[in-house]
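Asker: Before I ask anything, here is the structure I am working with.
The values are calculated or read from the model by the stated rules, or taken from the named source; none is laboratory data. All values reported here derive from a predicted model rather than from experimental measurement. So basically every Cβ, Gly included, is an ideal-geometry build from the backbone, and we count neighbours across all protein chains shown. Heads up: the accessible areas ignore ligands, DNA and RNA and are worked out on the full protein's heavy atoms, side chains in. Shrake-Rupley method; radii C 1.70, N 1.55, O 1.52, S 1.80 Å.
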Amino acid sequence: MSKIHGWPDLSIGWRYQINTLLDLDLRVVVPDMMGYGGTDAPKVPPETLALYGMKRAADDIRELANQLGVHKIILGGHDWGGAIVYRVCLYYPEFVTHLITVTTPYLPLAKEYIPMEKLVNERIPSFRYQLQLVGPDVEAKIQTRDQIKEFLNAVYGGKGPNGEIGFTATDGVLFQNLSVLRPTPLVSAKELDYYADEFARHGLHGPRKAALPLTSVANTQANKHAVNWYRAMHQNFDDEKEWYVHANCEKLGQNKLYSRLDSLTSSMINIPVLFIRATKDMALVESLSMGMEKYIPNLTRRVVKSSHWALWQAPGQVNEYIKEWLDTVYFGASSKI
């Protein structure tokens, strides 16, 4: 089994689930994704955003399994990791046998590219914070290791003495409040320090090759890497378009327009899927998950009373749902990996 993290997170985001999975006698691999932890963080430019796209991430996951001698896999994801593992199922349908996503609903292939600003204004207002992330403000204002720690504390739910918060889905980072926030209860001081150290490798948005002093400024060019996941939206659309045309070229003919794709049949995920929704997630709201059964006929839904950080805030309930589901659809099934 492999678990994929999101933003701003690392492989240890799954720390409360690993022992549960090991107790089930599963082999567990939890990597840092491109631009996080100790991974490479190519600069864009001169490199392209394709390195931070979901197709590249899917290819990396498939190759990691190959290197480990694994040909079929149970896959799990949270946040961006959830979006990625859905795409792994599309790009490599014979590779993934079972899928678990926490907080992340499934979004099928799009017939046309929708710019983020239009998407936010017309369809998904809870993604408005992403407009700030793809702009210059966050990487310009959050550069030192201490600033990174304050930022992470805000995103992880830290609050000030008068109820101040440091991050919302509509406004993004509230820079004026970061310094007054008390420590978030969702991570320990040691864990927050670890996150800050890891993100300081390359600045807030990805690793860099040498550790930063506590107050040093991160490499400003490298200070983009994890946010490049948000900047790769158009790249993801282009990759999906290329994959669809290639996969269907014989059936469609070389000149078939992508705008005529059958988004239903092309977006189907036919393996067993467990989707765990968090009731207090400000960004991945309930409405985004409506109609998933149209594309995922073998879908199991569960709900936890939690913020976006359900893996930490409600680990017992999340683990119980995962174990119960695996006992039923994996261990209880006649076929095994």
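Asker: Answer with yes or no whether Asp25 is out of contact with any Pro (no Cβ under 7 Å at 6 or more places or on another chain), on the phi > 0 side of the Ramachandran plot, among the acidic types (Asp, Glu) and in a loop (DSSP other than H, G, I, E, B).
Answerer: Yes; evaluated as a whole, the condition is true for this residue.
Asker: For segment 83-110, name all the residues that are within 17 Å of Glu242 (Cα to Cα) and exposed (fewer than 15 other Cβ atoms within 10 Å of the Cβ).
Answerer: Scanning segment 83-110 gives a single hit, Pro93.
Asker: Given (1) open to solvent by 30 Å² or more (accessible area, probe 1.4 Å); (2) over 25 Å from Ala196 (Cβ atoms); (3) out of contact with any strand residue (DSSP E or B) (no Cβ under 6 Å at 6 or more places or on another chain), identify the lone condition not met by Lys141.
Answerer: With (1) open to solvent by 30 Å² or more (accessible area, probe 1.4 Å); (2) over 25 Å from Ala196 (Cβ atoms); (3) out of contact with any strand residue (DSSP E or B) (no Cβ under 6 Å at 6 or more places or on another chain) applied to Lys141, the lone miss is (2).
Asker: Restricting attention to helices (runs of 4 or more DSSP H) lying wholly within segment 150-266, give those where 3 or more residues are at pLDDT 85 or above.
Answerer: Hits in segment 150-266: 189-199, 233-247.
Asker: Here's another thing I want to ask about it. Taking the condition free of Cβ contacts under 8 Å to residues at least 60 places away in the same chain and over 21 Å from Arg201 (Cα atoms), does Gly76 pass?
Answerer: Answer is no for this residue.
Asker: Same structure, new question: Please indicate, with yes or no, whether at least one residue in segment 111-119 is in contact (Cβ under 8 Å) with a residue 40 or more places away in the chain, within 24 Å of Thr265 (Cβ to Cβ), out of contact with any Cys (no Cβ under 8 Å at 6 or more places or on another chain) and surrounded by 19 or more Cβ atoms within 10 Å (Cβ to Cβ).
Answerer: For segment 111-119, residues in contact (Cβ under 8 Å) with a residue 40 or more places away in the chain, within 24 Å of Thr265 (Cβ to Cβ), out of contact with any Cys (no Cβ under 8 Å at 6 or more places or on another chain) and surrounded by 19 or more Cβ atoms within 10 Å (Cβ to Cβ): absent.
Asker: If you scan segment 52-81, which residues turn out to be buried (at least 21 other Cβ atoms within 10 Å of the Cβ) and of a type in the set (Val, Ile, Thr)?
Answerer: Selection gives Ile61, Ile73, Ile74.
Asker: Moving to a separate point now. When you scan segment 86-130, how many residues do you find that are more than 20 Å from Lys294 (Cα to Cα), of a type in the set (A, V, I, L, M, F, W, C) and outside any loop (DSSP other than H, G, I, E, B)?
Answerer: So the answer is 4.
Asker: Also, quick follow-up: Within the set of pairs 6+ apart or on separate chains, which have a first residue in segment 233-261 that is under 17 Å from Glu112 (Cβ atoms) and surrounded by fewer than 16 Cβ atoms within 10 Å (Cβ to Cβ), a second that is of a type in the set (Ser, Thr, Tyr) and modelled with pLDDT of 75 or more, and C-beta atoms under 7 Å apart?
Answerer: Between residues of segment 233-261 that are under 17 Å from Glu112 (Cβ atoms) and surrounded by fewer than 16 Cβ atoms within 10 Å (Cβ to Cβ) and residues that are of a type in the set (Ser, Thr, Tyr) and modelled with pLDDT of 75 or more, the close pairs are His234/Tyr113.
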